[in-house]
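Encoded as structure tokens, the structure appears first; notes follow it.
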Amino acid sequence: MSQVGKKFPDISVNAMNEMGDTFKINVLQEAINNKKKVILFWYPKDFTFVCPTEIHAFQSKLEEFEKRNTIVIGASCDTPEVHFAWLNTAKDNGGIEGVTFPLLADSTRQLAETLDILDTQYVGNEDDYTIEGDNVTYRATYLIDEEGTIFHESINVMPLGRNVDEYLRLVDGYSHHQTHGEVCPANWEEGKDAMNESRESVASYLSKH
């Protein structure tokens, strides 16, 4: 079931940073207490192949998110210790050395289960079953506003990496709506025309485009 329009779950999860500090992050409270938007992106596993390309892509755009008053947080079901090992592995060896935003370590899978983003494969029946595979998350992404409400979610299968620029565009669009009350048409980008919610505004926009 979609989480859009709902408050992000009020759950605290272990996290790790590049300094080797283990601490708790509550994504909902991060948004509310800091009066910032949050982008939380989940990836399947540390020490894999598509995942480091995404993490470095988010790092390369970190300053752009910060300009937009947006906190970047990565997440997987690995432990803090595995995160730290990967953070200390050189980029040219498949690592994520140089990444400075925190990584959630949802090793209990409490938050991932609440969001229903685990690639869980049950074998057997409801009374007698086993779980096959690694029980890790899809590439799920959440955009959360300053009041802790989810305004975007997307979920990719494992082989499909994300386009980080699209999330910057979505943050821009939502911020524009918050500020001006206008709606953003297809392929809208910052600086382009938006619309009022009226037939006249739509007709005018369509006639120009």
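If eta is 1.306 mPa s and T is 10 °C, what Stokes-Einstein diffusion coefficient results for segment 163-209, Kirkwood Rh from Cα pairs, in µm²/s?
143
How big is the charge dipole of the chain about its Cα centre, in debye rounded to the nearest 20, if each Lys and Arg gets +1 on its Cβ and each Asp and Glu gets -1 on its Cβ?
Computed charge dipole of the chain: roughly 620 debye.
By count of other Cβ within 10 Å, fewest leading, how are TYR138, TYR43, TYR167 ordered?
Result, fewest neighbours first: TYR138, TYR167, TYR43.
For PRO44, what charge total do you get from the other residues with a beta carbon under 11 Å from its beta carbon, if Lys and Arg give +1 and Asp and Glu give -1?
Neighbour charge sum, excluding PRO44 itself: -3.
How do the peptides 46-53, 78-85, 177-184 rank, highest first, by the average count of neighbouring beta carbon atoms within 10 Å per residue?
The densest-packed peptide leads the list: 78-85, 46-53, 177-184.
Once phi is turned into θ = phi - 60°, what whole-Hz ³J(HN,Hα) does the Karplus curve with 6.51, -1.76 and 1.60 give for every residue of segment 42-48, x standing for Gly and Pro?
Result, rounded to whole Hz: 9, 10, x, 8, 5, 6, 10.
Just name one of ALA112, ILE144, ASN156: the one whose Cα is farthest towards the positive end of the charge dipole of the chain (beta-carbon charges, Lys/Arg +1, Asp/Glu -1).
The Cα lying farthest towards the positive end belongs to ILE144.
Straight-line reach from LYS208: which lysines fall under 26 Å, measuring Cα to Cα and dropping same-chain residues less than 8 apart?
Once the sequence-local lysines are set aside, what remains near LYS208 is LYS192.
Add +1 for every Lys or Arg and -1 for every Asp or Glu among the other residues with Cβ under 9 Å from the Cβ of ASN135, and state the total.
-2
For segment 1-76 and segment 87-166, what is the separation of their Cα centres, given in Å?
Between the Cα centre of segment 1-76 and that of segment 87-166, the gap is 10 Å.
State the answer as a single residue: which of SER201, ASN187, LEU168 lies farthest towards the positive end of the charge dipole of segment 163-209, with beta carbon charges of +1 for Lys and Arg and -1 for Asp and Glu, about the Cα centre.
SER201
Order these by the 10 Å Cβ neighbour count, fewest first: LYS208, LYS67.
Values: LYS208 7, LYS67 11.
The order, fewest Cβ neighbours first, is LYS208, LYS67.
Based on Cβ point charges of +1 for Lys and Arg and -1 for Asp and Glu, what charge dipole magnitude is obtained for segment 126-184 about its Cα centre, in debye rounded to the nearest 20?
Values: 3 positive and 13 negative charges, 85 e Å.
Roughly 420 debye, rounded to the nearest 20.
Say the cut-off is 18 Å between C-alpha atoms; which of LYS7/LYS37; LYS36/LYS91; LYS7/LYS36; LYS45/LYS91 go over it?
Flagged as over cut-off: LYS36/LYS91.
How charged is the neighbourhood of SER201? Take every other residue with its Cβ under 10 Å from the Cβ of SER201, and add Lys/Arg as +1 and Asp/Glu as -1.
Once positives and negatives cancel, what remains is -3.
Laboratory data are not the source of any read-out in this text; all were calculated from the coordinates shown. These numbers come from a predicted model, not from an experiment. Neighbour counts are summed over all protein chains in view; Cβ atoms, including those assigned to glycine, are modelled from backbone coordinates with ideal geometry.
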